[in-house]
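Encoded as structure tokens, the structure appears first; notes follow it.
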Amino acid sequence: MGGARINTFLSYIKTKDRSLLKILRHLKITEKNGRIYLTVPDPSKKEELESILRVKLGDRLRENVVVVTGESGEDLRRSGISPRFTFENFIVGEGNRLAYEVARSVAENPGSLYNPFFLYGKVGLGKTHLLQAIGNFCVAKGLRVAYRSAGEFSEEMVESLREGRITEFRNRYRGVDVLLIDDVQFLSGKDRTQMELFNIFNHLYMREKQIVLASDRHPRDLRDVSDRLVSRFEGGVVVEITLDEVTKLEIIKRKLQELRIAVHDRIVRSIMETTGPSVREIEGAIRTIKIRGPEVLRPRGSKTDLERIQEVVASYFGITKEELLGNGRSIRVSRSRRIAMYLCRRLTGASLIEIARAFQRKDHSTVIHSIRRVEEERKKDRKTDYILTFLEKQIRGKF
Ligand code: ADP
Ligand code: MG
């Protein structure tokens, strides 16, 4: 640590967010060309920190803060592998099944069946996850594994070259059992890196060591990558990974559960709609919900779901919204109110306190009471159940 900019940065964070300061305290912080670099141990930590920074820092500051993965305290037998990404926590569906299955076979029988394994697809679909899962699986078997993005591989090569350690560099990679190179599209135009990789590739391949590559495009669509390297990449099995809607839905539900967020239809649907075909985007949306609550996904300025529910219920029972929110105790009004509270709880992610507030109640004990009572009624009385089912359908149509 040190450096004027870093100190300014840290004292700014201190005034803004002490919990963030705590996280930063454990990281290596450096300064280069006016930017601040935060070094985290592995790629999963990188994404986590980036998403925290996205939420907590303003745009202008964020532009000058870069999160990078570093080598600190690295175990050379599992170089670049994060324990976070496994086959077990990879959710499989139609669009990624083949990729998953080939990855598993590769992990189980490295160097024999599919060599090299070239995985490609758009960003955020799980390529890095699968590479890392292969890595973890092989590390557990006692194999020597190295994971690098092509960019990191290239930087390491350039630095080794500059410092006269290129032989050491070559030997390091020639000594692995499984070589995982991610984002190989970044080899584009890097002739020397391509040459080094080509030689390492051949060395490993001849010894039946496993090579796995991932990219955002098919090998033949790589730009400024030498033909001989492309033909090596195509020489084993090439698999595309995609994300279909059914799998996307499944992933949303599972990830909500993992973060212990209630899996309400409305939340699931708004994540489906506000995210593209990318698991990374889904995770981002869910993390934002976790930090800021489900309200963030709603377009600003529109009515809240609680208000919509109140309106539907009031008009169904033929009372005004003022009556619904007021203190009137007539049977019809109090029943409508209980039902509205119940539906708010059932159909939105709102907390009891939020519901109490929406009904202008000071504390939420009335809400708890009302919900319980409606639950009882619903169980016992078919007509109530019928009304509630009808209202639920109507309300869902309005979200
Ligand atoms: P890519 O390398 O294809 O851009 P990543 O592997 O980095 O995508 O995936 C982005 C995020 O989504 C990661 O946190 C990863 O764990 C998660 N992810 C992707 N696919 C799945 C899946 N099928 N099941 C569970 N998590 C997934
Ligand atoms: Mg990736």
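The values are calculated or read from the model by the stated rules, or taken from the named source; none is laboratory data. This structure is a prediction, so every number in the text was calculated from the model and none was measured. Cβ placement follows ideal geometry from the backbone for every residue including glycine, while neighbour counts extend to all protein chains displayed.
How many residues are farther than 21 Å from G95 by Cα and either within 16 Å of ligand 2 (Cβ to nearest atom) or surrounded by fewer than 16 Cβ atoms within 10 Å (Cβ to Cβ) (or both) if we restrict to segment 235-270?
Result for segment 235-270: 8.
Applying the selection to segment 54-111, what residues are assigned to a helix (DSSP H, G or I) and at pLDDT below 75?
Matches in segment 54-111: D59, R60, L61, R62.
Got a number for residues in segment 96-123 being polar (S, T, N, Q), away from ligand 2 (no atom under 15 Å from the Cβ) and buried (at least 23 other Cβ atoms within 10 Å of the Cβ)?
Qualifying residue count, segment 96-123: 0.
How many residues are among the polar types (S, T, N, Q) and modelled with pLDDT under 90 when one looks only at segment 251-289?
Looking only at that region, the number is 4.
Determine whether R266 is away from ligand 1 (no atom under 16 Å from the Cβ), basic (K, R) and in a helix (DSSP H, G or I).
yes
Among the residues of segment 189-220, write down those that are more than 16 Å from ligand 2 (Cβ to nearest atom) and more than 16 Å from G235 (Cα to Cα).
Across segment 189-220, the qualifying residues are G189, K190, D191, R192, T193, Q194, M195, E196.
Please find, among G135, G126, the residue that is within 16 Å of ligand 2 (Cβ to nearest atom) and at positive phi.
One residue alone meets the criteria, G126.
Looking at (1) part of a loop (DSSP other than H, G, I, E, B); (2) under 22 Å from the mean Cα position of the chain (by Cα), which is the only condition Y147 fails?
The single condition Y147 does not satisfy is (1).
Name every residue in segment 272-287 that is more than 10 Å from ligand 1 (Cβ to nearest atom), part of a helix (DSSP H, G or I) and under 18 Å from K122 (Cβ atoms), in order of residue number.
M272, T274, A285
Search segment 1-22 for residues that are assigned to a helix (DSSP H, G or I) and pair each with any residue that is exposed (fewer than 12 other Cβ atoms within 10 Å of the Cβ) and at pLDDT below 85 when their beta-carbon atoms are under 8 Å apart and the residues are at least 6 apart or on different chains.
Between residues of segment 1-22 that are assigned to a helix (DSSP H, G or I) and residues that are exposed (fewer than 12 other Cβ atoms within 10 Å of the Cβ) and at pLDDT below 85, the close pairs are R5/G34.
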